[in-house]
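What follows is a short report on a single structure.
The values are calculated or read from the model by the stated rules, or taken from the named source; none is laboratory data. Everything quoted here is computed from the prediction, not taken from an experiment. Cβ: placed from backbone, ideal geometry, glycine included. Neighbour counts: every protein chain shown.
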Amino acid sequence: MVFDGHNDLLARLWLSSHPDPVGAFLNQTLDGHIDLRRCQQGRMLGGLFAIFVPPFDYVKANAPHKLMQCLPDQTDYIAMQRYDICMAQFEYARQIEQRSQGQVKICRSMADINACMQNKSLVMVLHLEGAEALTELSQLDAWYDLGLRSVGLVWNQPSQFGHGLQAKFPHSPNTGLGLTALGEAWVLACENRSMLVDVSHMNEHAFWQTQQLLTQPMVATHSNVHRLCPQARNLLDTQLSAIKASGGVVGVNFDTAFLRSDGKRNKDTPYQVMFAHFDYLLEHLGEHGVAFGSDYDGGFMSSYWPSVDYFPYLIDALCDYGYSDARIENICYQNWHAVLNKIWKS
Ligand SMILES: [Zn+2]
């Protein structure tokens, strides 16, 4: 059984030109890294599914059909568009649940997750990657009511919440300004609502501000070890120590550019390169701090782990590598289960 800390399925459904992307997900005809059948073949319990507004220029170049209502000279979204894009992706999640006949469930509590473990339904925990579409706390409450249980306040670009963190190699995670006063207030607002606060796209300054504010465990849903791959999005030893002290978890990102010491996108990347990150994180975080955060449908994958149906091969490889069954269970789902239990408190 596998619980995965990060994927970008919902953004990919939104970008798709397929006339019925939800049907394609359910009927196994979707390309990319994730569909329902491959989740089942991968023995997935589920994971965190990100709602994410892709960069304007990316959408303009790759999915211009999504921007048809824009003026031709527009260079960025207008505020409403961001909110509508998030809502459209939530609507895909809702339709997947509704049309899946019990095979997929949006989970809002540990009871929901435990029921899915019993029923063998796929768990969708909704995560917001970059919260700039939300301008008032009443909207955070409205999204909580829709099922949102995890928030990454900042993504790559600056917003009302602070400066985010772009993938840059080689680069330090110290990229300047951190959270604004509003960003700090929203970290507390998320904790008050028992929502997970994701530090994966926080720069170093924002990370330490968050560490000062949070009493709940710190979680990096999809980041790796900076010492092994000096990518700005990866974590320094000092950050790992803080995550450990908080009782938090790091989900290992499977994108080869976040794993390899040369920072390259390379589909020939072997398991050993990923396993070095597991070893390092186990040493620095302990048995309960390490998990998966694949970035499927968002990252560049090796041909050894091209899609979610390859999880069983990855698990076999971890076993051959010498990890015990108990350790593999921790990495596969127990550590996510335990940290969500601590943060959600219900
Ligand atoms: Zn990300």
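Please specify each residue of the range 19-58 satisfying the condition of being more than 16 Å from the ligand (Cβ to nearest atom) and part of a strand (DSSP E or B).
Of everything in the range 19-58, those that are more than 16 Å from the ligand (Cβ to nearest atom) and part of a strand (DSSP E or B) turn out to be 44, 45, 46.
Okay, residues lined up against (1) in a loop (DSSP other than H, G, I, E, B); (2) on the phi < 0 side of the Ramachandran plot; (3) under 17 Å from the mean Cα position of the chain (by Cα); (4) at pLDDT below 95:
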position	(1), (2), (3), (4)
302	yes, yes, no, no
309	no, yes, no, no
317	no, yes, no, no
326	no, yes, no, no
339	no, yes, yes, no
343	no, yes, yes, no
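Specify which of the listed residues (115, 142, 111, 133) is of a type in the set (Gly, Ala, Ser) and surrounded by 17 or more Cβ atoms within 10 Å (Cβ to Cβ).
Within the list 115, 142, 111, 133, the selection yields 133.
Pull out all pairs, ordered by first then second residue, where Cβ-Cβ is under 6 Å, the residues are six or more apart or on different chains, the first lies in the range 23-48 and is within 15 Å of residue 306 (Cα to Cα), and the second is among the basic types (Lys, Arg).
Here the result reads 32/12, each pair linking the range 23-48 to a residue that is among the basic types (Lys, Arg).
Hey, among 121, 100, 172, 109, which residue is touching a Lys or Arg at 6+ places or on another chain (Cβ under 8 Å), more than 16 Å from the ligand (Cβ to nearest atom) and of a type in the set (S, T, N, Q)?
Exactly one residue qualifies, and that residue is 121.
What number goes with the only condition from (1) more than 30 Å from residue 28 (Cβ to Cβ); (2) surrounded by 21 or more Cβ atoms within 10 Å (Cβ to Cβ) that residue 282 does not pass?
All conditions are met except number (2).
Of everything in the range 175-197 that's in contact with a Leu (Cβ under 8 Å, 6 or more places away or on another chain) and in contact (Cβ under 8 Å) with a residue 60 or more places away in the chain, which residue is farthest from the ligand (Cβ to nearest atom)?
195
Take the residues in the range 220-247 that are surrounded by 23 or more Cβ atoms within 10 Å (Cβ to Cβ) and among the β-branched types (Val, Ile, Thr); name whichever of them is nearest to the ligand (Cβ to nearest atom).
So, considering only residues that are surrounded by 23 or more Cβ atoms within 10 Å (Cβ to Cβ) and among the β-branched types (Val, Ile, Thr), the one nearest to the ligand (Cβ to nearest atom) is 221.
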